[in-house]
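Since the structure comes first, as structure tokens, the remarks are kept for the end.
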Amino acid sequence: MDPTIVTVHGEARREVPPEQAVFSVTVSARDRDKPAVVARLTERSAEVGRILDGYRAAIERQETAGLHVYEEYRRRVERSATYSGSLTTTVTVTDFDPLGELLARLASGESISVSGPWWQLRPGSRAGADVRREAVTDALDRAREYAAAVGSELDRIVEISDAEAAGAHPAMMRAVGGAAEAEDGAAFDLAPRQQTVEARVLVRATITEPTILRP
């Protein structure tokens, strides 16, 4: 006689602290002289770099996200072109203690805007593995309950698979910076947002012959 197979789902959910904070900082410039726009972008980008250098121990990654220098749309009444430019840098921080101060310093700069932070877990975070184990344990507990209901016990696991995509769900946080002004020594009061980690698994297992079905 073919063995009896029990198919169950296991689920787990956990709230964990974020491991990274990501924000973007953009410098901008506008002038009728294109070289002047480039010069101002270079100067303001260097200013951002100097500020970030003071927090190098807290920064894990710093990347240029976009550079734009372009001629604005000209109306016929305008005699000369106007040029605009922007340079955006994306920064990943792992030490949250100085983050509020860092964002305040950046936001106080002339023609500098800041967006973020966006809180997240690291790719492949250990938190995901822990929750997946909890989901498997939950599934096996359910399988044992079903088996016990018919006088059986678990015999052999046939399959364990993801029931659906599982993992961290980074949340978009309120914007910090932009047109905000910050005095020397000021710092934004940031509250890192807890991250939801979920897992859902499918487990198939054979059980011993149910006693409730024996003659």
From E134, E153, E183, E145, residue being of a type in the set (D, E) and either in contact with a Phe, Trp or Tyr (Cβ under 9 Å, 6 or more places away or on another chain) or modelled with pLDDT under 80 (or both): E183
Residue within the stretch 85-92 that is more than 25 Å from V38 (Cβ to Cβ) and in contact (Cβ under 8 Å) with a residue 40 or more places away in the chain present: yes
Counted residues, the stretch 141-161 - those being over 17 Å from G10 (Cβ atoms), open to solvent by less than 70 Å² (accessible area, probe 1.4 Å) and not hydrophobic (A, V, I, L, M, F, W, C): 2
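Is at least one residue of the stretch 16-28 polar (S, T, N, Q), out of contact with any Lys or Arg (no Cβ under 9 Å at 6 or more places or on another chain) and assigned to a strand (DSSP E or B)?
Yes, because at least one residue in the stretch 16-28 is polar (S, T, N, Q), out of contact with any Lys or Arg (no Cβ under 9 Å at 6 or more places or on another chain) and assigned to a strand (DSSP E or B).
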Breaking point among (1) among the small types (G, A, S); (2) surrounded by 20 or more Cβ atoms within 10 Å (Cβ to Cβ); (3) in contact with a Phe, Trp or Tyr (Cβ under 6 Å, 6 or more places away or on another chain); (4) not in a strand (DSSP E or B), for G100: (2)
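Looking at T90, is it in contact with a strand residue (DSSP E or B) (Cβ under 8 Å, 6 or more places away or on another chain), modelled with pLDDT of 95 or more and either surrounded by 12 or more Cβ atoms within 10 Å (Cβ to Cβ) or not β-branched (V, I, T) (or both)?
So T90 passes the test.
The values are calculated or read from the model by the stated rules, or taken from the named source; none is laboratory data. Keep in mind the model is a prediction, meaning the values are calculated, not measured. Reconstructed Cβ throughout: ideal geometry from the backbone, glycine too, with neighbour counts over all protein chains shown. Only protein heavy atoms, including side chains, enter the accessible area calculation; ligands, DNA and RNA are left aside. Shrake-Rupley method; radii C 1.70, N 1.55, O 1.52, S 1.80 Å.
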